[in-house]
1. Would you please state the base-10 log of I(q)/I(0) at q = 0.09, 0.20 1/Å for the stretch 10-168, with intensities from the Debye formula using one equal scatterer on every alpha carbon?
2. For H40, what accessible area in Å² do you get when you roll a 1.4 Å probe over the heavy atoms of the protein chains, rounding to the nearest 10?
3. Rg and Dmax of the stretch 343-446 over Cα atoms: what are they, in angstrom?
4. Quick one: among P115, P361, P260, which has the greatest mean-square fluctuation in a GNM of the chain with alpha-carbon springs under 10 angstrom?
5. What are the equivalent ellipsoid semi-axes of the stretch 267-364, built from the alpha-carbon gyration tensor (square roots of five times its eigenvalues), in whole angstrom, biggest first?
6. Report the equivalent ellipsoid semi-axes for the stretch 124-164 in whole Å, largest first, defined as the square roots of five times the eigenvalues of the gyration tensor built from alpha carbon atoms.
7. Could you tell me how far the Cα centroid of the stretch 262-292 sits from the Cα centroid of the stretch 145-193, in Å?
8. If you add up the charges near M335, with Lys and Arg at +1 and Asp and Glu at -1, over every other residue whose beta carbon is less than 13 angstrom from its beta carbon, what do you get?
Amino acid sequence: MPRVNFPPDFLWGTATASYQIEGAWDEDGKGESIWDRFSHAEGNVRNGDTGDVACDHYHRYKEDVALMKELGLRGYRFSIGWPRIFPSGKGAVNSKGLDFYNRLVDELLAANIEPLITLYHWDLPMALQDQGGWANREIVEHFSHYAGTMAEALGDRVKHWVIFNEPAVFTLAAYIAGIHPPGLRDGALGMRASHIANLAQAEAFRVMKATGKASNVGTTLSMSSAYPASDGEEDRAAAERFHALTNVWFLEPLLKGTYPQPFVRPLDPARIGVLDGDMEKVRADLDFIGINLYTRAVVAHDEGEIQRGLREVRVQDAERTEMGWEVYPESLYSMIKRIAADYPGKPIYVTENGCSYSDAPDANGVVDDGRRIDYYRGYIGGVARAMTEGAPVKGYFAWTLMDNFEWTFGYSQRFGLVYVDHATQQRTIKNSGLWYRDLIADNGFD
Ligand code: PNW
């Protein structure tokens, strides 16, 4: 492969999320989140793991910022735990919670690392879930108030903001598939929650912009490029329906004022709770689009599935990470190309991309995770190729800085560039971390 080069101001970073690393789940006035409740209940998370301590980042953030500096990161994407700021989701600000993020931002800036803040990475205040969570329209007001509060408090130092992390996961996966809290299995409710999340994204954008302090505000979607199982027209149409719900359901309404068509039968907006005037309210001219992408989906037409008329096909003999996700570097290239073509001119950040492999320190303390380096080489090479062909990609954030609480998989899956011994909290930079450090220093790789 020829040498891959990036522009001088390209924002290289890593990403994390509050519940996955912070711990200190009930310290300094923090309220209970839905993930606290969910992980504390038996049977929801592998091995009974919880985020009570996680990577203890709440207490070790200085050590962790020092690690980031050692890696030469230019950017760091992290999320704010809403229940640290508003313990019950609304009301008075908990200043001790806010102080933590003030200290973290200052520590990052002192290390010359640009913060990129995600406002919501799934840890909803439990008190709001008790009132219906994302299925209750009142959350639009509470969320946008919280978003505006953070822009006001940190906007003097923080330029880049991500409103949501993967709304498809916290609405569709949580209300329809039931695999994340609140663990419901109600298709109609889940679709209504997804529309409310879209209203909340757009309103938060307006409130943040009104502070005059939030210059670069976007949102981050979970995406998997859909490849039709065959060249046939039916499979290609099925792949488009997959794309509509999985990839752009939380983008198309904001940027184009319409919902795409994910179902076999035409979508009736009233059925997903669209009220008069909503399709104007849902619009927001985001400053950028954030793409989280790990793998692809191969999609076939399926008459037997009455909603979307499709099924995912498992590719035989494919290379897979320990999550079971297919390694398919071209998927990031093709998604960036598609998004750049469909939303011309919008800057793109790859806000997450990475892989789970459990390589641990050997007798010499070396973590030889060559498969992770290969993964990154392939996917980042795809980013470079898309950029060469004109895609406006401004930054790339590897998922993730360090091994952490991987949601329902607990500590059993390791995505980090840094190994964490969860018993001692000792951090060890993996070979992939050293490789990433060199890539950033050279602004490219061979
Ligand atoms: C992301 N998919 O979720 C999350 O933002 C992270 O918090 C998480 O730790 C990371 O991926 C690894 O799981 C995903 O459908 C959701 O391919 C969906 C998909 C991938 C990642």
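1. Scattering profile of the stretch 10-168, log10 relative to I(0): -0.28, -1.36.
2. The accessible area of H40 comes to roughly 80 Å².
3. For the stretch 343-446, the Cα-based Rg and Dmax read 15.2, 51 Å.
4. Ranking P115, P361, P260 by mean-square fluctuation puts P361 first.
5. Working: eigenvalues 219, 103, 39 Å².
Calculated on Cα positions only, the semi-axes equal 33, 23, 14 Å.
6. Details: eigenvalues 116, 16, 14 Å².
Working from the Cα gyration tensor, I get semi-axes of 24, 9, 8 Å.
7. 15
8. Details: positive: R296, K337, R338, R385; negative: E330, D342, E352.
After counting each charged neighbour, the total is +1.
The values are calculated or read from the model by the stated rules, or taken from the named source; none is laboratory data. Fair warning: this is a prediction, and the values are worked out from it, not measured in the lab. Counting neighbours? That spans all protein chains shown, and the Cβs are built from the backbone with ideal geometry, glycine included. We work out accessible area using only protein heavy atoms, side chains counted, and drop any ligands, DNA or RNA first. Shrake-Rupley method; radii C 1.70, N 1.55, O 1.52, S 1.80 Å.
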